[in-house]
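Let me begin by presenting the structure, written as structure tokens, before commenting on it.
Where a number appears in this text, it was derived from the coordinates with a stated rule and is not lab data. What you see is a predicted model; the values in this text were computed from it and never measured. Positions of Cβ are backbone-derived with ideal geometry, glycine not excepted, and every protein chain shown enters the neighbour counts.
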Amino acid sequence: PIVALTASTHPDLTVDGADEFDPALNLIKGGGGALVQEKLVAVSSREMIVIADESKAVTTLGAFPLPVAVVPFGWETTQERLIERFGVEATLRQNRDGHGPFVTDDGLYVVDLRFGSIADPAEMESRIRGVTGVAEVGLFVGVASRVLVGAEDGTVREVLR
């Protein structure tokens, strides 16, 4: 059954996609902008299974821009801190018509960070969370238990953590 997520709710299973996943099943998620709610559900669940195609499998995370949900008030300062601290290109995500910022269902903005490569996803998540104004990071470290990878020929392989 579908139920509200509360402190006492622990779904047995979450099935979702990912923008990237590495061999340790660390993920980048949030390309669609729902990273806060997706992470809340995923970390509350007893198990998370990711379904993805081969193009999402990477050796090292970071080719896909890393979504970071930020508080709208002072977003410019938050973005500047992210650029200064990590030496990355950072772009405020725009809404579909290109006129104004994309706003998540939670009322947050999304800043996309372009790292190219993230050697230690757990450390990076912690460091980004330490920036004032950051609400959530699109790194899902140690959350997924398996990934089902679809190939062009129709076969599926299972990758386990």
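Using 0.36 nm times the number of residues separating ASP106 and ILE51, minus their current alpha carbon distance, what extension gain do you get? Mind showing how you got there, number by number?
On the way: separation 55, 0.36 × 55 = 19.80 nm, distance 2.48 nm.
Full-extension gain reported as 17.3 nm.
Of the GluC sites (Glu not before Pro) found in the stretch 95-157, the ones in coil according to DSSP and having at most 14 other Cβ atoms within 10 Å of their Cβ are GLU152. Taking the longest Cα principal axis of the chain as reference, the axis of helix 75-86 is set at about 70 degrees. Secondary-structure-derived ellipticity at 222 nm for the chain, considering helices only, amounts to -5500 deg cm²/dmol, per-run term -39500 (n - 2.57) for DSSP H runs with n ≥ 4. Across the stretch 18-153, the convex hull enclosing all Cα atoms gives 113 Å³ per residue. Modelled spin-label separation between LEU40 and SER117, with each label point placed 7 Å from Cα along the Cα-to-Cβ direction: 3.7 nm.
Show me 9-20, 30-41 ranked by packing, highest mean number of other Cβ atoms within 10 Å first. Before the final figure, lay out each step's value.
Numbers: 9-20: 15.7, 30-41: 19.5.
Highest to lowest by the protection proxy: 30-41, 9-20.
The C-alpha atoms of the chain define a longest principal axis, and helix 35-44 lies at about 40 degrees to it. The charge dipole of the chain, taken about its Cα centre with unit charges on the Cβ of Lys, Arg, Asp and Glu (plus for the first two, minus for the last two), comes to roughly 320 debye.
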